[in-house]
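Notes follow the structure.
The values are calculated or read from the model by the stated rules, or taken from the named source; none is laboratory data. If you're wondering where the values come from, they're calculated on a predicted model, not measured in any experiment. Using ideal geometry, Cβ is built from the backbone for each residue, glycine included, and neighbour counts are taken over all protein chains shown.
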Amino acid sequence: MRKLIVMTVALGVAAGACSSGGASTATKPPAAKAKTVSDPAKVAAAPSAGCADASYTAGETKQTLAVDGAERWWYRHVPLSTDGSAKIRPTPLVMDLHGYSEGADVHRQMSGLGAFGDAHGFVTVIPQGQGPVARWDTTLGGKDLTFLGKVLDATERQLCIDTNRVYVTGLSNGAFMTSAMACQYSNRIAAVAPVAGVRNIKGCKPTRPVPIVAFHGTADGFVSYDGGLGQKALDLPAPDGSGKKLRDTLTPAQINAQRNPNDSIPNIMGAWAKRNGCKGGDTETPVTADVTKLTWTCPPSGATELYRVTGGGHAWPGSSFSAAVESVVGHTTMSISADEIMWKFFVAHPLTRSGS
């Protein structure tokens, strides 16, 4: 378990360098058209195919499917209704993505979104990445994005999902992948919440603004707030499972190339703000003694927010599991809850389609 905990971190070289690619083969709903939503609660639910036969059981199960001849899997956590039965009305869905080499087993403890979903009424899916060192390849049009699209497809067939309220979050390399999901699946992802790893994906051309709320610590030793990989990331295991460290697989020039101030978190969020139709620079608002909220002047359909944690590490704000491994990930603020903030943000930003 100690080895698993040590790996709750990001990779920015093999899994985070992104390029454009072909379209996924996953089924996609009609393209959404960005529009102002005065009252998100009035956006009607869009029932998935599974609503026609909602006979599933609540609780957590392991799901599998074959992608390109390989078996892939994920955890599916279905909430209970107040009478103890599975919810059969159209239910929001949150996809929760683990960090580099962290894996789904550890990450479900890190985020705690399964239990949080029980209390707030949403389904959670926690997929497992690929390879001997579990990771996500964020290449647009690549196998991992195709897999995640198929996870959404399968969940919408199996359960009664509100396809106007499908959201994605993730930690570290999972935050990289969250950013990629917003690019490739902008017509079906209502909003995203990357934690400790938002990225400006190369070739990202969403079909609509994608509301985004991000979280990042200024003392993150793995994904630097000021840009590029931190030194701790270079001590991560190489993705091939050889037992080497990441730094052993890179040339000095490749290592230096990772330290790019243009990839600072504020700059990346500024790029998302521009993509979302926002104007001007960011405005800072104190939230707690160690947390500041950065916002841009955006249309409601493209809200862009960053919670900056002063002295925060490579951590999930408000997570007791994250706080328990401070020696590995750095300081975890408990003055805010990422789960609570992202869920409030998600609720306020359903997907709106033409005619909605």
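Of a type in the set (S, T, N, Q), at pLDDT 95 or above and within 30 Å of Ala45 (Cβ to Cβ): which single residue out of Asn276, Asn267 fits that description?
Asn276
Hey, among the residues in the stretch 235-253 that are buried (at least 18 other Cβ atoms within 10 Å of the Cβ) and either of a type in the set (A, V, I, L, M) or at pLDDT 95 or above (or both), which one's nearest to Pro300 (Cα to Cα)?
So, considering only residues that are buried (at least 18 other Cβ atoms within 10 Å of the Cβ) and either of a type in the set (A, V, I, L, M) or at pLDDT 95 or above (or both), the one nearest to Pro300 (Cα to Cα) is Leu236.
Show me the helices (runs of 4 or more DSSP H) entirely contained within the stretch 300-356 in which 3 or more residues are under 16 Å from Thr178 (Cβ atoms).
Answer list for the stretch 300-356: 338-348.
Taking Gly281 as meeting all but one of (1) in contact with a strand residue (DSSP E or B) (Cβ under 6 Å, 6 or more places away or on another chain); (2) in a strand (DSSP E or B); (3) farther than 29 Å from Thr91 by Cβ, write down the number of the exception.
(1)
Just to be sure, is Lys274 closer than 24 Å to Ile201 by Cα and crowded, with 19+ Cβ neighbours inside 10 Å?
No, not satisfied.
For the stretch 284-332, how many residues meet the condition of being crowded, with 20+ Cβ neighbours inside 10 Å, in contact with a strand residue (DSSP E or B) (Cβ under 7 Å, 6 or more places away or on another chain) and among the hydroxyl-bearing types (Ser, Thr, Tyr)?
Adding up the residues that qualify gives 2.
Considering only residues that are within 18 Å of the chain's Cα centre (by Cα) and among the β-branched types (Val, Ile, Thr), look in the stretch 337-356 and name the one that is nearest to Asp282 (Cα to Cα).
Ile341
Take the stretch 137-159 and flag every residue that is closer than 19 Å to Lys202 by Cβ and assigned to a loop (DSSP other than H, G, I, E, B).
Once the filter is applied, which keeps residues that are closer than 19 Å to Lys202 by Cβ and assigned to a loop (DSSP other than H, G, I, E, B), the stretch 137-159 yields Asp137, Thr138, Thr139, Leu140, Gly141, Gly142.
Can you run down the residue pairs with Cβ atoms below 7 Å, 6 or more apart or on separate chains, where the first is in the stretch 156-172 and farther than 20 Å from Ala193 by Cβ and the partner is part of a loop (DSSP other than H, G, I, E, B) and of a type in the set (Val, Ile, Thr)?
Going by the 7 Å Cβ cut-off, the qualifying pairs are Cys160/Ile88.
When you go through (1) surrounded by fewer than 24 Cβ atoms within 10 Å (Cβ to Cβ); (2) within 30 Å of Thr352 (Cβ to Cβ) one by one for Thr169, which number turns out not to apply?
(1)
What about Val123, is it touching a residue at least 60 places away in the same chain (Cβ under 8 Å) and crowded, with 22+ Cβ neighbours inside 10 Å?
no
Within the stretch 82-100, does at least one residue satisfy the condition of being in contact with a Phe, Trp or Tyr (Cβ under 8 Å, 6 or more places away or on another chain), farther than 30 Å from Lys205 by Cα and at pLDDT below 95?
Within the stretch 82-100, one or more residues are in contact with a Phe, Trp or Tyr (Cβ under 8 Å, 6 or more places away or on another chain), farther than 30 Å from Lys205 by Cα and at pLDDT below 95.
Filter the stretch 46-66 down to the residues that are assigned to a strand (DSSP E or B) and surrounded by 16 or more Cβ atoms within 10 Å (Cβ to Cβ) and list them by number.
The answer is Pro47, and nothing else.
Within the stretch 167-189, count every residue that is within 12 Å of the chain's Cα centre (by Cα) and either more than 18 Å from Asp263 (Cβ to Cβ) or assigned to a strand (DSSP E or B) (or both).
7
Picking from Asn262, Asn256, Asn200, which residue would you name as being closer than 26 Å to Ala315 by Cβ, exposed (fewer than 14 other Cβ atoms within 10 Å of the Cβ) and not β-branched (Val, Ile, Thr)?
So the residue among Asn262, Asn256, Asn200 that is closer than 26 Å to Ala315 by Cβ, exposed (fewer than 14 other Cβ atoms within 10 Å of the Cβ) and not β-branched (Val, Ile, Thr) is Asn262.
For Asn187, indicate whether it is over 23 Å from Pro132 (Cα atoms), touching a helix residue (DSSP H, G or I) at 6+ places or on another chain (Cβ under 7 Å) and of a type in the set (S, T, N, Q).
Considered against the rule, which asks whether it is over 23 Å from Pro132 (Cα atoms), touching a helix residue (DSSP H, G or I) at 6+ places or on another chain (Cβ under 7 Å) and of a type in the set (S, T, N, Q), Asn187 comes out as no.
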